[in-house]
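**Student:** Can you read through this structure? Questions will come right after.
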Amino acid sequence: MSKINDKSKVQTPFLYLVSKSPRRYDLLNKAGYQFEALSIEISEIIDKNLNGKEQCLGLARLKMRHFLGQNEKNLKENAFALTCDTMVEFEGLVLGKPLSRDQAKGWIKSYENKSQWVHTGCSLVELGNIENRVDWVTSTKINFSDVGEEALNAYFDKTPDYITKAGGYGLQDEYFNFVESIEGSYTNVVGLPLEDLSVNFLKLVEKD
């Protein structure tokens, strides 16, 4: 599985990452972005009539709308803001973060020898020129292998932050060994599609 490569590293203006996720922070940091992480509090009300792509993109846009309304006047000039939301789509169900260990365990056992999609919706906006923006969804297919009971319990015992992750797991976690292969962006599954971020960031910069 490919992780972070040099193609993700770009020279771009200053970026505000509007997210509490330490995984997104680490990805941006390793990719060489100049950025600051901020956060907002919103009620993530999901329309169950929407599919996974529509839901995560809608939440990314909602986060951006709230962020701009609260902070735009207090930020650096010539900077950009990024909001994201990641969800798992499995057999017609859209899965966010689990509410308990039992729920996460049930989810992962149901993935055994099946495939699912991980979607990340992103909204990238130039501050001071909010018409210069791009919203997109990146999707990655995850193909699972066998899920043994003992190995699954060991994963939960050694990885307490599983409850903060869409679908109840982190592909990058040391003890999560239930994936046969992935098709698409590895960093998207972690929470931030660096390849598409680089492409879309450069498109906005070139418009200026």
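The values are calculated or read from the model by the stated rules, or taken from the named source; none is laboratory data. This one's a predicted model, so the numbers in the text were calculated from it and none came from an experiment. With ideal geometry, Cβ positions are generated from the backbone for all residues, glycine too; neighbour counts draw on all protein chains shown.
**Student:** Restrict the check to the stretch 58-74 and report whether at least one residue is touching a residue at least 40 places away in the same chain (Cβ under 8 Å) and on the phi > 0 side of the Ramachandran plot.
**Tutor:** No, the conditions are met nowhere in the stretch 58-74.
**Student:** While we're looking at this one, here's another question. From the list Leu171, Leu194, Leu124, Leu202, pick out the single residue that is of a type outside the set (Lys, Arg) and touching a Lys or Arg at 6+ places or on another chain (Cβ under 7 Å). Reasoning before the result, please.
**Tutor:** On the way: Leu171 fails: touching a Lys or Arg at 6+ places or on another chain (Cβ under 7 Å); Leu194 fails: touching a Lys or Arg at 6+ places or on another chain (Cβ under 7 Å); Leu202 fails: touching a Lys or Arg at 6+ places or on another chain (Cβ under 7 Å).
So the residue among Leu171, Leu194, Leu124, Leu202 that is of a type outside the set (Lys, Arg) and touching a Lys or Arg at 6+ places or on another chain (Cβ under 7 Å) is Leu124.
**Student:** Still on this structure, please answer the following. Using the structure shown, decide if Asp173 is exposed (fewer than 14 other Cβ atoms within 10 Å of the Cβ) and modelled with pLDDT under 95. Don't jump to the end; show me each part of the working.
**Tutor:** Working: exposed (fewer than 14 other Cβ atoms within 10 Å of the Cβ): no; modelled with pLDDT under 95: yes.
Spelling it out, it is not the case that Asp173 is exposed (fewer than 14 other Cβ atoms within 10 Å of the Cβ) and modelled with pLDDT under 95.
**Student:** How many residues are on the phi < 0 side of the Ramachandran plot and either within 20 Å of the chain's Cα centre (by Cα) or in a strand (DSSP E or B) (or both) when one looks only at the stretch 81-131? Before you say what the answer is, go through the steps one by one.
**Tutor:** In the first step, residues of the stretch 81-131 are kept if they are on the phi < 0 side of the Ramachandran plot; the result is 81-90, 93-112, 114-127, 129-131.
Add one more test, that the residue is either within 20 Å of the chain's Cα centre (by Cα) or in a strand (DSSP E or B) (or both), and what stays is 81-90, 93-99, 104, 107-108, 111, 115-126.
Residues meeting the conditions: 33.
**Student:** Residues of the stretch 191-208 being in contact with a strand residue (DSSP E or B) (Cβ under 8 Å, 6 or more places away or on another chain), in a helix (DSSP H, G or I) and over 16 Å from Ala31 (Cβ atoms), which ones?
**Tutor:** Result: Lys203, Leu204.
Every residue, every condition in (1) hydroxyl-bearing (Ser, Thr, Tyr); (2) loosely packed, with under 15 Cβ neighbours inside 10 Å; (3) under 30 Å from Pro13 (Cα atoms), yes or no:
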{"site": "Gly96", "(1), (2), (3)": "no, no, no"}
{"site": "Asp102", "(1), (2), (3)": "no, yes, no"}
{"site": "Val134", "(1), (2), (3)": "no, no, yes"}
{"site": "Tyr155", "(1), (2), (3)": "yes, no, no"}
{"site": "Ile163", "(1), (2), (3)": "no, no, no"}
{"site": "Tyr186", "(1), (2), (3)": "yes, no, yes"}
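**Student:** Restricting to the stretch 138-190, name every residue that is in a helix (DSSP H, G or I), of a type in the set (A, V, I, L, M, F, W, C) and either in contact with a strand residue (DSSP E or B) (Cβ under 7 Å, 6 or more places away or on another chain) or touching a residue at least 60 places away in the same chain (Cβ under 8 Å) (or both).
**Tutor:** The initial filter retains those residues of the stretch 138-190 that are in a helix (DSSP H, G or I), namely 149-158, 160-164, 166-168, 186-190.
From the residues that got through so far, the ones that are of a type in the set (A, V, I, L, M, F, W, C) too are 151-152, 154, 156, 163, 166, 189-190.
Once the filter is applied, which keeps residues that are in a helix (DSSP H, G or I), of a type in the set (A, V, I, L, M, F, W, C) and either in contact with a strand residue (DSSP E or B) (Cβ under 7 Å, 6 or more places away or on another chain) or touching a residue at least 60 places away in the same chain (Cβ under 8 Å) (or both), the stretch 138-190 yields Ile163, Ala166, Val189, Val190.
Residues are listed down the side, and each one gets a yes or a no for (1) over 18 Å from the mean Cα position of the chain (by Cα); (2) crowded, with 18+ Cβ neighbours inside 10 Å:
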position: Lys30; (1), (2): no, no
position: Lys48; (1), (2): yes, no
position: Gly52; (1), (2): no, yes
position: Leu59; (1), (2): no, yes
position: Phe67; (1), (2): no, yes
